[in-house]
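Engineer: Submitted below is the structure of interest, expressed as structure tokens.
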């Protein structure tokens, strides 16, 4: 199977990155790459991944197992809501 071309929006950075990943890449690894590329601080565990509007609870699953296909979009956002000041 060829590489998947996906977009990942990192909410904290208000930035989107395009990645070429193997379908066997885990969701957790995808999240870590997106956070690193957008220079977002904090631990990866403090962020969650959403696909098609729903949280991906098992980040150890591969992109293919999660149903991610080429040109799909994921969003990475903080687990906890931050207060507005």
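Engineer: What distance in nm separates the two pseudo spin-label positions at residue 39 and residue 61, each 7 Å out from Cα along the beta-carbon direction?
Structural biologist: Each label point lies 7 Å from its Cα, and together they span 3.5 nm.
Engineer: Rounded to the nearest 10 degrees, what's the angle between the helix 27-37 long axis and the longest principal axis of the chain, both from Cα atoms, 0 to 90?
Structural biologist: 60
Engineer: What percent does the relative contact order of the chain come to when contacts are Cα pairs within less than 8 Å and at least six residues apart?
Structural biologist: It comes to 39 percent, rounded to a whole number.
Engineer: Could you check the simple spin-label distance between residue 2 and residue 14, using points 7 Å along Cα→Cβ, in nm with one decimal?
Structural biologist: According to this spin-label approximation, the distance is 3.6 nm.
Engineer: Over the chain, how many percent of alpha carbon pairs lie in each 5 Å bin up to the one with the longest distance?
Structural biologist: 3, 15, 30, 26, 17, 6, 2, 1, 0, 0
Any read-out appearing in this document is the output of simple, stated calculations on the displayed coordinates, not a laboratory observation. Just so we're clear, the structure is a prediction, and the values are computed from it rather than from any experiment. Neighbour counts run over all protein chains shown; Cβ positions are idealised from the backbone, glycine included.
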